[in-house]
1. Regarding the range A:734-750, can at least one residue be identified that is within 29 Å of A:ILE646 (Cα to Cα) and within 16 Å of RNA strand B (Cβ to nearest atom)?
2. Can you tell which of A:ILE47, A:ILE65 is outside any helix (DSSP H, G or I) and either β-branched (Val, Ile, Thr) or under 27 Å from A:CYS133 (Cβ atoms) (or both)?
3. Can you name the condition, by its number, that A:LYS710 falls short on among (1) loosely packed, with under 13 Cβ neighbours inside 10 Å; (2) modelled with pLDDT under 80?
4. Look through A:ILE169, A:ILE99 and report the one residue that is in contact with a strand residue (DSSP E or B) (Cβ under 6 Å, 6 or more places away or on another chain) and closer than 28 Å to A:PHE391 by Cα.
5. Check every one of the strands (runs of 3 or more DSSP E) wholly within the range A:450-522 and list those with 2 or more residues that are surrounded by 19 or more Cβ atoms within 10 Å (Cβ to Cβ).
6. Filter the range A:204-234 down to residues that are assigned to a strand (DSSP E or B) and of a type outside the set (A, V, I, L, M) and give me whichever is farthest from RNA strand B (Cβ to nearest atom).
7. Can you find, within the range A:602-611, the residue that is surrounded by the most Cβ atoms within 10 Å (Cβ to Cβ) among those that are at pLDDT 90 or above and more than 6 Å from RNA strand B (Cβ to nearest atom)?
8. Under 20 Å from A:THR221 (Cα atoms) and at pLDDT below 95: which single residue out of A:ARG394, A:ARG400 fits that description?
Amino acid sequence: MSKNSKNFYCLDMFPYPSGAGLHVGHPRGYTATDVFSRYKKLQGYDILHPMGWDAFGLPAENYAIKNKIHPEKVVAENVARFKDQLNKFDLSYDWDKEINTTDPKYYRWTQFIFLKLFERGLAYEAETPINYCPSCKTGLANEEVINGKCERCGTQVVRKNIRQWILKITEYADRLLEDLDGLDWPEPIKEMQRNWIGRSEGSNIVFDIKDSKEKIEVYTTRADTLFGCTYVVLAPEHELIEKLKTQSSNVKEINEYIEKSKNKSDLERTELQKEKTGVELKRINAINPINGKEVSVWVADYVLGHYGTGAVMAVPAHDERDFEFAKKYDIPIIHVIKPSDDINQDQTEVFTDYGILINSAEFDGMTSAEANKKITEKLKSSNHGDFTINFKLRDWVFSRQRYWGEPIPIVHCEKCGIVAVPENDLPIILPHVENYQPVGDGSSPLSNESDPAIAAWLNTKCPNCGGPAKRETNTMPQWAGSCWYYIAYLIMIGNEYIWDRKKIDPWLPVNLYVGGAEHAVLHLLYSRFWHKVLYDEKLVGTKEPFQRLISVGTILGIDGLKMSKSRGNIIDPDPLLEKFGSDALKLYELYIGPFSQPAKWNQNGIVGMHRFLQKVEKLSEIKFSEKNDGSKIIINKAIKKVGEDIESFSFNTAISTLIEAFSDITKNGWDKKSAEVFLTLLSPFAPKMANSVSNKINTSLSTWPEFDEKYIVNEKVTVAIQINGKVRDEIEISINDSEDEIKDIVLNREKVKANISGAEIKKFIYIKDKIISIVV
RNA sequence: GCCCUGGUGGCGGAAUUGGUAUACGCGCAUCACUUAAAAUGAUGUGGCCGAAAGGUCGUGUGGGUUCGAUUCCCACCCUGGGCACCA
């Protein structure tokens, strides 16, 4: 079964129901999807436009801890409040499909998907150094670290070794990258995902070690610079160091250095201002496989252990970092690339661009691209190198040492080790406990056995051998629930969720998905990953979840800054709704500016929309006249323009078209048909007013009108006359007039004659419908 | 540093493939209605010169291509976002 072409799935990124409630910025996206849904419905589509709550996660939990109210209660209260506020906007949501990620019936399936990941070997447990937020007291995913700080609270992240569940998102790196091409998403967001995935084509090159069987394999994208390699560097984590250091004369120094860099956070290690440091593995020499030259071997923390092979060949002449390091430690610098267009370049500096090879034996004179290939091929023939591909994307740290999340459906058995909970035992319900403060030592609050409520949950039987076992106490991150919620709406029947391709396939992929660009590499990457796993499991039928994505621009406070409680610049929609009504507020939400761009709130802006609606209201009092061509032309042009603008999310211009059409027809005279069409065009934006007026004048707004081409084409048009590039006159012409006819008329006009004042006409240009340009 | 946005009146912003820059809304000014104010309606509203007609300068800055550039090209400046020792 595949997507039903009559079905239109119009989806908002579901909100986190925060305690602060809605401000005027939230409904911008909701208003847009509302307009779009209503518009598509008028076109005869079956619309799915659901809403729900992404309610697990830190804010509710932190609020709960602070105010000593259980998160369950906090969430229930916030949801009620949010929903109440949202309803005041008169949005056309299918509330019978309301979902909540904290509902055990819901997270039964979140856990189910985790089991699928586990079965496929895509979820594994590991104790590795990860990013840890000391304030939230939990591990974080790479994507949740912004400039070295916790995405949630802004605290500086530290490195910590904690037992973690990790998802192998890297296994899907290629597909996540490739399938972006087929998506109708904003290019900048695709680009952000591409950069985050960070595919890089290069070569692995093997350096033998002198008087040893060990080898160092490095990754480089610049095999063309291999002749310029004067040392190789191992990351402090590199396992080869253990083997090599015993033979070097400065073991103590090396150990100290490794110990020191272990304690550094990623931020400290990558601080740009920071001077590079490193230690040579003395008496160890590596052999450059291309020319047999011996080079020194170093350990330095400017090389990352988790990328490529954790080792690099250093070419100080053609890499900034190596250059800096080589200068500091007095390592030779050999130039092997010259810029193609500049033979006399100053060879004391670094040159990092591609160019032409020099000092590279038989490769001299080749371009970088050519040499890259040829050098790697030569190495390949002697088993000292090959082409390879690397990704920046790292596996997803998936466990949190926090209470308010989905329990991971795993038990730890003394005999059997890690055992998956059988699907029939799902959901593993998060126990209702009183003590859920985070601990901070890398353990979860759910491992505190001194609390009897926790102990009762924690101690269980192994599903495998029946012996004593303990539940996994880490919980899932907030992103888990939102990874598949667009499917949850489809499989919800009554109050139950039943996974059924017959329900899913007719609606996927989501036709239109609207939300903030801040999720470009978090939610939008994670859910694409899960979706692909579900696709491989044949649990969904499409490779991608969201076909068209539009990002909504943030609405800023009147001070031009992001609205926040602490800045005190939050605009509460309630008084505006009361004074002007939902129609006017929604109109202004969209009229304020281009949809995907940020916009400053202006308290007065809504007034114009209110005035417009008041005028529309008076339509019910006027006497309709006979149809006339003037109004027909206006309304047909409006049908075309408003439809196109809605399709392209240019709501601001759609609304100005409506305003303009209204005042033009008012000047021309309203007939009933024009009024009906106008109200239909208005109805997605201002449904209350449109329907109320339509009732009064006794028409119905059930179908989106089609425009009549013959009223759209202009027969007469006013064009400007330019003389030497300056507008000097304008003239109304019929579009069927020939250029000669027009030339005749134009050149005899008084203003034109005056401006030419007898000079010779060098050129006469007539662009049909647009302009007449005379050059003298 | 790299990648991506955007820069147009007092303000938010319009302008199809290069073709009358400033649509639409806000604000402001004048007028009408009113005892008055609010609300509403009408007219006007980029700068400069001019009584007007009209002229002239104007889309971040400096160049270029073109009969014609907000739009295309080159260099630079600023705003917002993302990434950041990824070899």
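The values are calculated or read from the model by the stated rules, or taken from the named source; none is laboratory data. From a predicted model like this one, the values you see are computed outputs, not experimental measurements. Don't worry about glycine lacking a Cβ; one is built from the backbone with ideal geometry, like all the others, and counts go over all protein chains shown.
1. Step one: filter the range A:734-750 for residues within 29 Å of A:ILE646 (Cα to Cα), giving none.
Checked against the condition, which is being within 29 Å of A:ILE646 (Cα to Cα) and within 16 Å of RNA strand B (Cβ to nearest atom), the range A:734-750 yields no hits at all.
2. The match here is A:ILE47.
3. Every condition holds for A:LYS710 apart from (2).
4. Values: A:ILE99 fails: closer than 28 Å to A:PHE391 by Cα.
Only one candidate qualifies: A:ILE169.
5. On the way: elements: A:459-461, A:468-471, A:512-516.
Correct list: A:468-471, A:512-516.
6. Pass one, the range A:204-234, residues assigned to a strand (DSSP E or B): A:204-209, A:215-220, A:231-234.
Narrowing further to those that are of a type outside the set (A, V, I, L, M): A:204, A:207-208, A:215, A:217, A:219-220, A:231.
Values: A:ASN204: 10, A:PHE207: 14, A:ASP208: 20, A:LYS215: 17, A:GLU217: 11, A:TYR219: 5, A:THR220: 3, A:TYR231: 12 Å.
Here the answer is A:ASP208.
7. Taking the range A:602-611 first, the residues at pLDDT 90 or above are A:606-611.
Checking which are more than 6 Å from RNA strand B (Cβ to nearest atom) leaves us with A:606, A:609-610.
Numbers: A:ILE606: 23, A:MET609: 25, A:HIS610: 17.
Taking the candidates together, the pick is A:MET609.
8. Values: A:ARG400 fails: under 20 Å from A:THR221 (Cα atoms).
It is A:ARG394.
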